[in-house]
Amino acid sequence: MSAPDYGRAFTLWRASAPQWQAYTRHEFVEALRRGDLPRANFLHYLRQDYVFLTHFARAWALAAAKAATMAEMQAASATVQALVHHEMPLHVQICADEWIDAQALEATIEAPANLAYTRYVLEAGYSGDFLDLMAALAPCVMGYGEIGARLKGAGGPYSDWIETYAGEEYQALCHDVGALIDGALAHRLGPDWASLPRFEHLAQKFATATRLEVGFWQMGLEGA
């Protein structure tokens, strides 16, 4: 499968992130594709991902506060809406089917790999600007989109999870976020943003977040 077209910045960041393939083709992902990932590992990942998404939603809310235009504010708030009202309820439903109720899900203790990633993203927003936050957020959004597109139609016990990220709604979100990032770069840095040192700094943030995504998958593969 060729790389998805989620915008120019994503294409450049993806190409320069040393661990992008290690993230999007991690053994955890491949086990989802094959359908042989142990259920206990998947549920451990889901519980941690639920905790992750609460912080991820907060980061997107912070992006709305950091926005410079109404379009940026609308895109950030729409992403919070999608996370809180669509993606997180999927986690709740799958866990409920496995006798893990909402109260137990909320009480999940955050794993070290989760702490490292979520606090990195939030700190990027607290200490940086809108672009810093977008660079830290992008690997999760676009990486899951790329994984979903590649695994689409795989079937098996994890098909619901796969089709969520392969589906039109999530793929549209990836394209929208890519356009948001490209527009934000042009708005702040001008038309030649890709040639500026600032863009290289943002690429490093993207690469670090990608490395933390690898650690998150590894946490799921190793289990509790």
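The values are calculated or read from the model by the stated rules, or taken from the named source; none is laboratory data. The structure presented is a predicted model; accordingly, all values stated were derived computationally and were not measured. We place every Cβ from the backbone using ideal geometry, glycine too, and count neighbours over all the protein chains shown. Protein only, heavy atoms only, side chains kept; ligands, DNA and RNA dropped before computing areas. Shrake-Rupley method; radii C 1.70, N 1.55, O 1.52, S 1.80 Å.
Points to keep in mind about this one:
- Cα long-axis angle, helix 197-222 against the chain (0 to 90 degrees, to the nearest 10): 0
- Helix-only CD estimate at 222 nm, as mean residue ellipticity for the chain, using -39500 (n - 2.57) per DSSP H run (n ≥ 4): -25000 deg cm²/dmol
- For segment 134-142, 3J(HN,Hα) per residue [Karplus equation, 6.51 cos²θ - 1.76 cosθ + 1.60, θ = phi - 60°, Hz, x = Gly/Pro]: 4, 5, 6, 7, 4, x, 5, 4, 6
- Residue among ASP176, ASP132, ASP101 with the largest mean-square fluctuation in a Gaussian network model of the chain, springs linking Cα atoms under 10 Å: ASP101
- Accessible surface of segment 44-201 [probe 1.4 Å, protein heavy atoms]: carbon and sulfur percent: 59
- Between helix 112-127 and the chain there is an angle of about 20 degrees, using the helix long axis and the longest principal axis of the Cα atoms.
- Taking only the C-alpha atoms of segment 88-148, Rg followed by Dmax gives 14.7, 41 Å.
- Normalised per residue, the accessible area of segment 113-224 is 39 Å², obtained with a 1.4 Å probe and no contribution from ligands, DNA or RNA.
- Once you reduce segment 89-147 and segment 26-87 to the center of their Cα atoms, the two points are 5 Å from each other.
- Extreme residue, positive dipole direction of the chain, given options ALA203, PHE10, LEU221 (C-beta unit charges): ALA203
- Cα-only radius of gyration and Dmax that characterise segment 1-69, units Å: 16.0, 46
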